[in-house]
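The values are calculated or read from the model by the stated rules, or taken from the named source; none is laboratory data. Here the structure is a predicted model, which means the values were calculated and not measured. With ideal geometry, Cβ positions are generated from the backbone for all residues, glycine too; neighbour counts draw on all protein chains shown.
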Amino acid sequence: MDTLKISVPALLYTVQNNCLFVAMGYLEAAVFQCTYQLKTLTTAVLTVTMLGRSIAAHQWGARVLLMARTVERNGTSSSSWLMNGRRARAADGGDSARAGAAPRATPR
């Protein structure tokens, strides 16, 4: 019976890891890092709910603080990266400054 209890979170953890691996190819680095940090909280929640183990309040606080700091850090770096990208496209001029527009071809 204990093996069955442990196998469910292990299977979910494996599925989550595979989804994160696929997501690496589709997400920006900051978004991926925030998503990756969810693995820590997911593991803690599954440990408490499915295995019936207890986690101390300071351990929950540390996990939430880790997640919050990652989101805050990646949020500021990704927004500055986004603004730098917009400035570069605006410096290129014309239609390429619009979101989603293809860059103009350079004349030869």
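Structure notes:
- Residue tally, condition over 11 Å from residue 51 (Cα atoms) and either in contact with a strand residue (DSSP E or B) (Cβ under 6 Å, 6 or more places away or on another chain) or hydrophobic (A, V, I, L, M, F, W, C) (or both), over the stretch 2-16: 4
- Inter-residue pairs, beta-carbon under 6 Å, first more than 19 Å from residue 9 (Cβ to Cβ) and surrounded by 13 or more Cβ atoms within 10 Å (Cβ to Cβ) and in the stretch 52-73, second among the hydrophobic types (A, V, I, L, M, F, W, C) and modelled with pLDDT of 90 or more, 6+ apart: none
- Among the residues of the stretch 47-65, just one is among the charged types (D, E, K, R) and either in contact with a His (Cβ under 8 Å, 6 or more places away or on another chain) or not in a loop (DSSP other than H, G, I, E, B) (or both), namely 63.
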